[in-house]
Amino acid sequence: MRGELAYTIAEHRLVIETPDGAQTERLLPSFTDFLCKAEREQGNILFRFTGNHLLSLPQVPPVEQFTRHPFRYAVYDTDLGKLIRMSRGVQHHHLLLPADLHHFRSDLTLADTSESPFLNSFLMIAFTLAAAPPKTVKLHASVIEREGKAILFLGSSGTGKSTHTRLWEQHIPGSRLLNDDEPVVRIMEDGSVWVFGSPWSGSTPCYRNISAEAVALVRLYQHPENKLVQIKGVTAFTALFQSAAILRSDEQHRERLFGNVTELAGKVPFYRLDCRPDREAVMLSVRLMK
């Protein structure tokens, strides 16, 4: 059945125009909790996404290449905007990024089950870019929520973010995992900062359409002793910027992200937690909720 699918992420609405709404919905199982099912949920559209476009690679070298295993990405400059080629083995699909960030075009049929990871990734890229102007950033972090407040634990892979939030759930009554790898942080119009669950969560299936006020950002480091210290200025900015999703070849996006991260670092206290994976480390960070 032809029609539209509307989803709301961090209070931003995105619309997928599809020849088969039911089939496209099945391609996005992690988006189920974000589906707009009532007219009252619908508001201004952040961007539209369509498929079945003929998109050809330009005869120029890519301006950026990166890998998110098992997928490879190459970014090209074209007269119509940047073109992203996503590859897995011999399978390739393409996404055109418009300059105004309002209508993203792809060569996906939006009905083939093999397209599911491509559609998921393309929507993540589109959201990351389109949501930057309204001060929204997707971070690499594990988020614990309790009584409407949240702490974001940042760090490179293997530093124990997921372990620390699991320890919170074990030792702190009422705490729950909001997102384990790819939450969305938004500076609201009133200046408050909120963190939202998203349809993306790394290897942990935590796709919750919930939100909480961000009260602290904590960069984790493995250490034989537990110690919590607040950091500010360039050090805090750098750690936060390194955790943000970015399309490096897009100068406009880099500038917007720079501004958003600068504002976030000024609004939400930032800490360094040297820690062991134990209850004592949790009791240090739980103080930040108060």
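The values are calculated or read from the model by the stated rules, or taken from the named source; none is laboratory data. All figures in this text were calculated on a predicted structure; none of them were measured in a lab. All Cβ positions, glycine included, derive from the backbone under ideal geometry; neighbour counts span all protein chains shown.
In table form, for the structure just shown:
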| quantity | calculated |
| --- | --- |
| Test: residue in the range 75-83 that is over 21 Å from Pro19 (Cβ atoms) and touching a helix residue (DSSP H, G or I) at 6+ places or on another chain (Cβ under 8 Å) | no |
| Any pair with Cβ under 6 angstrom, 6 or more apart, that starts in the range 182-195 at a residue that is under 19 Å from Arg146 (Cβ atoms) and ends at one that is among the acidic types (Asp, Glu) | Trp194/Glu213 |
| Filter result for Ser249 (surrounded by fewer than 17 Cβ atoms within 10 Å (Cβ to Cβ) and farther than 14 Å from Glu145 by Cβ) | no |
| 1 or more residues under 30 Å from Ala99 (Cα atoms) and among the hydroxyl-bearing types (Ser, Thr, Tyr): qualifying helices (runs of 4 or more DSSP H) within the range 184-287 | 233-242, 251-267 |
| Answer from Leu101, Leu123 - the residue that is touching a strand residue (DSSP E or B) at 6+ places or on another chain (Cβ under 9 Å), closer than 19 Å to Cys206 by Cα and not in a strand (DSSP E or B) | Leu123 |
| Cβ-Cβ under 7 Å pairs, at least 6 apart or on other chains, the range 77-91 side farther than 17 Å from Gln252 by Cβ, far side among the polar types (S, T, N, Q) and surrounded by 14 or more Cβ atoms within 10 Å (Cβ to Cβ) | Met86/Ser121 |
| Among residues of the range 164-183, those that are surrounded by fewer than 17 Cβ atoms within 10 Å (Cβ to Cβ) and either within 14 Å of the chain's Cα centre (by Cα) or assigned to a helix (DSSP H, G or I) (or both), counted | 3 |
| Yes/no for Gln59 being without any contact (Cβ under 8 Å) to a residue 12 or more places away in the chain, farther than 30 Å from Trp194 by Cβ and in a loop (DSSP other than H, G, I, E, B) | yes |
| Those residues of the range 1-23 which are basic (Lys, Arg) and either within 27 Å of Glu189 (Cβ to Cβ) or part of a strand (DSSP E or B) (or both), in sequence order | Arg13 |
| Lone qualifier among Ala131, Ala141, Ala111 - being small (Gly, Ala, Ser), over 22 Å from Lys82 (Cβ atoms) and either buried (at least 18 other Cβ atoms within 10 Å of the Cβ) or touching a Phe, Trp or Tyr at 6+ places or on another chain (Cβ under 9 Å) (or both) | Ala141 |
| Long-range neighbours under 8 Å by Cβ, at least six apart or interchain, first residue over 18 Å from Ala141 (Cα atoms) within the range 249-272, second of a type in the set (Gly, Ala, Ser) and outside any strand (DSSP E or B) | His253/Ala132; Arg256/Ala132 |
| Test: Arg146 is surrounded by fewer than 23 Cβ atoms within 10 Å (Cβ to Cβ), outside the structural domain of Leu257 (by TED's automatic domain parsing) and not polar (S, T, N, Q) | no |
